[in-house]
Each structure stands twice: as C-alpha cells, then as structure tokens.
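Undergrad: Provided herewith is a single structure, encoded as structure tokens, for subsequent inquiry.
The values are calculated or read from the model by the stated rules, or taken from the named source; none is laboratory data. Computed from a prediction, not measured in an experiment: that's the story for all the values here. Counting neighbours? That spans all protein chains shown, and the Cβs are built from the backbone with ideal geometry, glycine included. For the accessible areas, the whole protein counts, side chains as well, though only heavy atoms, and no ligand, DNA or RNA atoms are used. Shrake-Rupley method; radii C 1.70, N 1.55, O 1.52, S 1.80 Å.
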Amino acid sequence: MDGIRNIYCVGRNYRLHAEELGNAVPTSPFLFSKPTHALVEANGQSIRVPGNKGEVHYEAELVLHVARPYEPGMKVEDVVDKMALGIDLTLRDVQSELKKKGHPWLKAKGFPNSAVLTSFHPFPGQEACQEADFSLVKNGETVQRGNTRDMLFDMQTIVEFTAEHFGLGLGDIIYTGTPAGVGPVADGDKMELFFGTERWGDCVIVLK
C-alpha cells in the first residue's frame with residue numbers, strides 16, 4: 001500500500017449494475033474518490049468495517065495502478081504498469097440518504113477499510129485483460145463476475161478523463177467500476193477475489 005497517492009473510483013461503469021441500483025446509465029465517466037485511509041490489503045486478514053450504520057455492500061472491481069504522469073496522446077499501456085482487484089465497500093443506507101439530500105458520497109464511500117485491495121500484478125494491456133473474467137466469491141459462492149469488455153467506458157477513456165479533470169500521476173490508482181451482483185456483507189463473511197481461475201486475495205469481514 002506504500003506509495004499510493006490518489007484513489008479514483010468510476011461509478012456506474014457497467015450497465016447492469018447501474019440498472020440494478022435504479023441509477024441512470026451515465027453518458028460520460030462518473031468519478032468519485034476515497035481517502036488513502038480507506039486502503040486495506042486483502043491478504044487473508046480480518047477487515048473491520050462499521051456494523052451500526054445500515055447495510056454494507058461489496059462492489060468488486062479491477063484496479064489500475066498509474067506509473068507515470070499522463071500526457072495527451074498516451075495510451076493506457078504507457079501509463080499503467082500493474083493492476084489489482086479491489087472491493088469498494090459502501091455504506092448503502094448512508095449513501096441513499098446522502099443522494100436524497102444531494103450531498104457528496106464521502107461518508108458512504110470513504111470510511112476506513114472501505115478500499116480493499118489485493119496485491120498488484122503486471123498489467124498485460126487493455127485487450128489482454130478481456131481474456132479473463134474477474135470475480136468475487138463470498139463464503140464459497142460466486143456473487144459477482146465481470147469482464148472489462150463490458151465496461152461502458154474503457155480503460156483508455158477512463159485514463160484520459162481522469163487526467164483531464166483531476167490529474168493523474170505516479171502512485172494513483174483507479175477502481176474501474178463494478179459489474180452487477182452487488183449485495184450486503186454479514187459479520188464473518190469470507191471474501192475471495194479471482195482473476196480468471198487465479199485467486200489474487202482474500203479477507204474476512206468483521207462488522208464492528
């Protein structure tokens with residue numbers, strides 16, 4: 001986790017996920033961020049998250065690591081050196097209330113341990129990533145499965161948009177969006193993240 005600077009997250013980047021939450025499908029990338037205090041590694045340990053603020057939902061995502069500042073005309077392969085899998089943990093009831101009030105989502109998305117992250121692996125390129133699905137297994141059952149080919153906005157678009165509007169440099173990471181199948185976690189749930197058939201990380205959720 002050392003060296004990670006900004007945590008960008010792409011919302012509603014899979015059509016079926018946007019629809020399952022009753023959200024409009026965006027026409028341009030929809031981004032929010034998390035503080036670095038949200039980061040926690042999925043290396044088999046227990047992860048403590050709030051259990052007294054309504055439902056906590058899991059959202060599995062492919063995560064990109066940025067190795068150099070973006071300059072106009074660069075390809076995603078020029079900028080990204082490695083990737084991981086992550087879980088964007090969300091206080092769903094809190095988020096729903098914030099949305100009703102038109103307030104930012106930070107309280108629902110940025111709490112400590114809300115950005116679960118596996119170890120990083122070499123980035124094979126945008127097209128090569130489409131050769132395998134990523135998935136989240138909860139207590140032995142696959143609850144989410146996605147493929148980056150189904151993203152509304154591909155990696156190149158996300159990198160260009162993020163750099164243009166917020167800046168993008170060494171140590172930044174991007175959670176690229178979650179496929180359909182999000183749902184609540186319960187105390188003691190074991191979460192495993194897979195890329196293809198390879199397990200990249202796991203953790204146990206503890207509701208405190």
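Undergrad: Just need a number here: residues in the range 167-178 that are open to solvent by 10 Å² or more (accessible area, probe 1.4 Å) and touching a Phe, Trp or Tyr at 6+ places or on another chain (Cβ under 7 Å).
TA: Number satisfying all stated conditions: 1.
Undergrad: While we're looking at this one, here's another question. Evaluate the following for E160: is it under 15 Å from the mean Cα position of the chain (by Cα) and surrounded by 14 or more Cβ atoms within 10 Å (Cβ to Cβ)?
TA: It is false that E160 is under 15 Å from the mean Cα position of the chain (by Cα) and surrounded by 14 or more Cβ atoms within 10 Å (Cβ to Cβ).
Undergrad: Considering only the range 115-129, state which residues are in contact with a Lys or Arg (Cβ under 6 Å, 6 or more places away or on another chain) and either part of a loop (DSSP other than H, G, I, E, B) or open to solvent by less than 30 Å² (accessible area, probe 1.4 Å) (or both).
TA: Those that are in contact with a Lys or Arg (Cβ under 6 Å, 6 or more places away or on another chain) and either part of a loop (DSSP other than H, G, I, E, B) or open to solvent by less than 30 Å² (accessible area, probe 1.4 Å) (or both): A115, F120, F123.
To keep it simple, each residue is scored yes or no on (1) at pLDDT 95 or above; (2) open to solvent by less than 10 Å² (accessible area, probe 1.4 Å).
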site	(1), (2)
M74	yes, no
D78	yes, no
G86	yes, yes
V94	no, no
L98	no, no
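Undergrad: Given the conditions (1) at pLDDT below 95; (2) of a type in the set (S, T, N, Q); (3) in contact with a helix residue (DSSP H, G or I) (Cβ under 7 Å, 6 or more places away or on another chain), report the number of the one that T90 does not fulfil.
TA: With respect to (1) at pLDDT below 95; (2) of a type in the set (S, T, N, Q); (3) in contact with a helix residue (DSSP H, G or I) (Cβ under 7 Å, 6 or more places away or on another chain), T90 is out only on (1).
Undergrad: Considering the range 57-84 alone, what residues qualify as being part of a strand (DSSP E or B) and hydrophobic (A, V, I, L, M, F, W, C)?
TA: Correct list: A60, L62, V63, L64, V66, V80, M83, A84.
Undergrad: If I filter the range 160-168 for residues that are touching a Lys or Arg at 6+ places or on another chain (Cβ under 8 Å) and modelled with pLDDT of 95 or more, do I get at least one hit?
TA: No, the range 160-168 contains no residue that is touching a Lys or Arg at 6+ places or on another chain (Cβ under 8 Å) and modelled with pLDDT of 95 or more.
Undergrad: Okay, moving on. Return yes or no: is A132 more than 16 Å from Y8 (Cβ to Cβ), among the hydrophobic types (A, V, I, L, M, F, W, C) and surrounded by 14 or more Cβ atoms within 10 Å (Cβ to Cβ)?
TA: Against the criterion (more than 16 Å from Y8 (Cβ to Cβ), among the hydrophobic types (A, V, I, L, M, F, W, C) and surrounded by 14 or more Cβ atoms within 10 Å (Cβ to Cβ)), A132 qualifies.
Undergrad: Could you grab the pairs with beta carbons closer than 6 Å, sequence gap of 6+ or different chains, first residue in the range 114-125 and without any contact (Cβ under 8 Å) to a residue 60 or more places away in the chain, second one open to solvent by 50 Å² or more (accessible area, probe 1.4 Å)?
TA: Listed pairs, sorted by first residue: F120/K82; P122/K82; F123/D81; F123/K82; G125/E77.
Undergrad: So E192 passes all but one of these: (1) within 17 Å of the chain's Cα centre (by Cα); (2) in a helix (DSSP H, G or I). Which condition number does it fail?
TA: It is condition (2) that E192 fails.
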